[in-house]
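Here's the structure we're looking at; comments come further down.
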There are 2 protein chains.
Amino acid sequence: MELPSAALERAVSELARLPGIGRRSALRLALHLIQQGDDRMLQLADAIHNLAEQTTLCSQCHSLSDTPICSICADGRRDALTLCVVEDVRDVLALENTQAFRGRYHVLGGLISPMDGMGPGDLSIDHLVERVAAEGITEVLFALSTTMEGDTTAFYLYRRLQPLGVNLTVMARGLPVGDALEYADERTLSRAVEQRVPYEQTIKG
Amino acid sequence: MELPSAALERAVSELARLPGIGRRSALRLALHLIQQGDDRMLQLADAIHNLAEQTTLCSQCHSLSDTPICSICADGRRDALTLCVVEDVRDVLALENTQAFRGRYHVLGGLISPMDGMGPGDLSIDHLVERVAAEGITEVLFALSTTMEGDTTAFYLYRRLQPLGVNLTVMARGLPVGDALEYADERTLSRAVEQRVPYEQTIKG
């Protein structure tokens, strides 16, 4: 479909490079922006420009930040000896939302995935090992996806960190809270049986 | 969910104002942009900035254009006496794609919809009436959605244009090409029966 404007064509091409947005959706977004008026477009353009200029990665945990050290790493009230290892910033946000973890994070920037050409060298793993040794970390919690890539990455981290004598833990696996038992998949069910816990433990605190 | 960066927060808010994009999708898009690097972000920002600065509406047909008169209106080879009335630019693109219409367009910029507060005065209807009178238009084809709003708009246009003695036509309604009869809705089916055409007419040319 030939567009009647070179500027529109360019905006559509750029928008269509976003994940999950095809050319038709991109056109719909661009026409919506035009309908909203110039101010709206300039605000969006400026916000994205600003995103490129302002954001950086925290030099300690590799999470996203506006400052060289992110607000979580800079927060002295958090447990400095417990590190939670996650794939990316979204996982930090999801965990922070629960307020269940009060330590600090280490963002890997991906998972080991030979299929996608992601090896350990592409992730912030060396820096994690350095941090654990240098900061006297006592516990590293692997909070990775329960996928092949997540499991592979956890096992690789285990082999790198185990010699340091640090306590290595992993997120509990089992039935998601609020789900009907009958809809849980076979592997989740069998793991929930194998790793069953005393009932009393679940009604305390 | 509190984001770790004010620049990210702003980009997410702006992206979430696009149609069909919620806050979670907006965050995914913003993090994707960050992962793609600064160049990618600046390109997108610049393309949207450019969209605001460069595009305008054609002074004749109100379609989108980089120039005061769009390429369709400026094309002397097109039939200047037939006007196709459409809701917005996407309809122009869809029709142009078929190459079935060789006249010119008039983009209303919406449809009459009291529910959405859209009255005739919000659309380029007065200008359409002026054009039909001033340019000696012989046919106006209503190519509007087959919805209540589309039908209301067509009827309003009919009452405004009919006194000018111009030939008013409407897109054929019936079975979509390539669809199984059994899946057509009742109203489409009954209209297709009522407005049945001689078979020979469909096998010519």
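Would you call residue B:83 more than 8 Å from chain A (Cβ to nearest Cβ) and on the phi < 0 side of the Ramachandran plot?
On the way: more than 8 Å from chain A (Cβ to nearest Cβ): yes; on the phi < 0 side of the Ramachandran plot: yes.
Yes; evaluated as a whole, the condition is true for this residue.
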Tell me whether the range A:113-133 contains one or more residues that are touching a Cys at 6+ places or on another chain (Cβ under 9 Å), at pLDDT below 90, part of a helix (DSSP H, G or I) and within 17 Å of residue A:63 (Cα to Cα). no
Looking only at residues that are closer than 18 Å to residue B:46 by Cβ and crowded, with 21+ Cβ neighbours inside 10 Å in the range A:15-28, which one is farthest from the other protein chains (Cβ to nearest Cβ)? A:15
Those helices (runs of 4 or more DSSP H) completely within the range B:148-205 that have 3 or more residues that are out of contact with any Ser or Thr (no Cβ under 7 Å at 6 or more places or on another chain), in contact (Cβ under 8 Å) with a residue 24 or more places away in the chain and assigned by TED's automatic domain parsing to the domain that holds residue B:115 are B:148-161
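Can you pull out the residues in the range A:29-41 that are more than 7 Å from chain B (Cβ to nearest Cβ) and in contact with an Asp or Glu (Cβ under 9 Å, 6 or more places away or on another chain)?
Correct list: A:35, A:40.
The values are calculated or read from the model by the stated rules, or taken from the named source; none is laboratory data. Because the structure is predicted, anything quoted here is derived from the model rather than measured. As a convention, Cβ positions derive from the backbone with ideal geometry for all residues, glycine included, and neighbour counts pool all protein chains shown.
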